[in-house]
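What follows is a short report on a single structure.
None of the figures in this text is laboratory data; all of them are computed from the coordinates on show. None of these values were measured; they are calculated from a predicted model. All Cβ positions, even for glycine, are placed from backbone atoms using ideal geometry, and neighbour counts span all protein chains on display.
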Amino acid sequence: MMVTMSSPPSPPPIRVALVGAGAISQSQHVPGLQLDPRAELVMVCDTDPQRAHTCQLEWGAKSMTTDFREVCSSPDVDALIVATPNDTHVAVTLAAVEQGKHVLCEKPLGRSAGEVREMVSAALRAGVVHMAGFTYRFAPAVRYLRHLLKSGDLGQPRHFRSQRFLDWPETSWGWRQVKERAGAGNLFDMTIHRIDLALDLLGPLTELCGDVRQFVPRTRRSDGTQCNPSEVDDWTAIIGHFESGAVGVWEGTTLAKGHHHGGFGHEWFEINGSEGTAVYRLHRPHQLWRGSSTRDLAPEEVPPEFLVTPGSPRDPQKGDPATVFRYDVVWEFLSAIHERRGAVPDFYDGLAAQIVADAVLQSHQERSWVAIPPEPRG
């Protein structure tokens, strides 16, 4: 008599709500959710009711709302993706984790390290999965570079060098140019990503000096109407010392004319080690430049095993390479929930980057070097 073994039942889908239906959700989070068979998008929340309704229909969500508290209290929601203006991250996250919801929050997690510490503490008390949206950790070339560092191929790291140059219109950034809402400008929007990459790859900083400047007041909207002038920076520079003995240099601007690259801008960061150099460029994420004392820098294709996060259903050969790797952020978030483990990067990583960004503003104000005290993980 033949006995047929039945497969164990599949776990129920992770029911996800999107809070904030803007460009980041549309271009990154929704495609990531649609690729993942473990996820179900059940609710869309946006303060603009028309946009919330339109996105609900387009994305196939069951419901929509304009009130994040309704999302957080809903028994039909397991997890939130928070893609709202910076000044709302704390309130939405605290309301969500108090109801036992898992949270993926866009960067910066808050407008200061104090706000982020609130989020970390609340998530720990609730025992939920918490994740910071540091997208570039998932770029194939970054994943390969991390491997080269850990395997010793580059030798002892000595220098980290980052350039992020964008050619953005000199018109209003909307809420992003209001300090009370954004916290800072280019520093919190773009440079903080490169701070996170440096901390992830080379470890903690011990001190830094930094400067921020505003070159364009952005007193007009794109339609030509006038608005209040910008209150935040559009250029950032940092020099930092790592605990390991390495040094780092960062520069970021939104005013580098001609640096378009199809809207992705110029992204170059490199690590110089005792045995070699590796260079990452955003608009060529399937390629790493490598060189040594015996070989000039030259492009090298990223090996296939580093093109996607392990387990991700994403096809690395489909879509724009500089966009599609971002879908793996959602894959990691859902995997952490599914596997009952911590997500990487998490709120602690968001806090570490925020401490450094806060120190840049302090250094700018005091015109001095600022020490970065160690921040223990709970």
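At an R0 of 45 angstrom, the distance between the Cβ atoms of residue 341 and residue 371 translates into a FRET efficiency of 0.85. Quick one: grab the alpha carbon gyration tensor of the range 187-238, order the square roots of its eigenvalues as a ≥ b ≥ c, and give me rounded if a/c is under 1.5, else prolate or oblate depending on whether a/b is larger than b/c. Prolate, since a/c reaches 1.5 and a/b exceeds b/c. Dipole magnitude for the range 300-378: computed about the Cα centre from +1 point charges on Lys and Arg Cβ and -1 point charges on Asp and Glu Cβ, it is near 240 debye.
Say the dipole of the chain comes from +1 at the beta carbon of Lys and Arg and -1 at that of Asp and Glu; which of 237, 363, 224 then lies farthest toward its positive end? Selected residue: 237.
Taking the mean number of other Cβ atoms within 10 Å as a proxy for protection, how do you rank 76-85, 235-244 from highest to lowest? Before the final figure, lay out the partial values.
On the way: 76-85: 22.1, 235-244: 20.5.
Packing proxy ranking, top to bottom: 76-85, 235-244.
Structure remark: mean-square fluctuation, Gaussian network model of the chain, C-alpha springs under 10 Å; the largest value among 250, 175, 289 belongs to 175. Fewest-first ordering of 211, 223 by other beta carbons within 10 Å of each residue's beta carbon gives 223, 211.
If the chain between residue 181 and residue 57 were fully stretched, how many nm would it gain, using 0.36 nm times the residue separation less the Cα-Cα distance? It would help to have the intermediate numbers written out before the result.
Working: separation 124, 0.36 × 124 = 44.64 nm, distance 2.94 nm.
Fully extending the segment from residue 181 to residue 57 adds 41.7 nm.
Using C-alpha pairs below 8 Å separated by at least 6 residues, the relative contact order for the range 14-134 is 23 percent. Averaging the Cα positions of each part gives two centres, and for the range 43-90 and the range 144-188 these lie 28 Å apart.
To make sure I understand, if each residue's beta carbon is the centre and we count other beta carbons within 10 Å, what order do 358, 167 fall in, fewest to most? Each step should come with its number before you reach the end.
Working: 358 23, 167 17.
Ranking 358, 167 by Cβ neighbours within 10 Å, fewest first, gives 167, 358.
Give the percent of DSSP beta bridges with both residues in the range 14-134 that are antiparallel, rounded to the nearest 5.
Numbers: 0 of 20 bridges.
In the range 14-134, approximately 0 percent of DSSP beta bridges are antiparallel ones.
Projecting the Cα atoms of 37, 57, 124 onto the charge dipole of the range 14-134, computed from C-beta unit charges around the Cα centre, puts 124 farthest toward the positive end. Beta bridges per DSSP, both residues in the range 133-255: antiparallel share near 70 percent.
With the cut-off at 1.5 for a/c, could you classify the range 53-184 from its C-alpha gyration tensor as rounded, prolate or oblate? The shape class here is prolate.
Of the residues 124, 197, 187, the one that moves most in a GNM of the chain with alpha-carbon contacts below 10 Å is 124. Ordering 97, 72, 114 by Cα displacement along the dipole of the range 14-134 toward the positive end leaves 114 in first place; charges were set at the Cβ atoms of Lys, Arg (+1) and Asp, Glu (-1). Across the chain, C-alpha contacts under 8 Å between residues 6 or more apart give a mean separation that, scaled by the residue count, equals a relative contact order of 19 percent.
Cut-off is 10 Å between beta-carbons; in what order do 227, 72, 209, 45 appear when sorted fewest neighbours first?
By the 10 Å Cβ count, ascending: 227, 209, 72, 45.
Of the beta bridges in the chain, as assigned by DSSP with both residues counted there, near 60 percent are antiparallel. Gain on full extension, evaluated as 0.36 nm per residue between residue 292 and residue 305 minus their Cα-Cα distance, stands at 2.3 nm. Shape call for the range 196-307 from the C-alpha gyration tensor, a ≥ b ≥ c root eigenvalues: rounded (a/c under 1.5), prolate (a/b greater than b/c) or oblate? Note, shape of the range 196-307 comes out oblate.
This model, with +1 at the C-beta of Lys and Arg and -1 at the C-beta of Asp and Glu, gives the range 116-223 a dipole about its Cα centre of some 80 debye.
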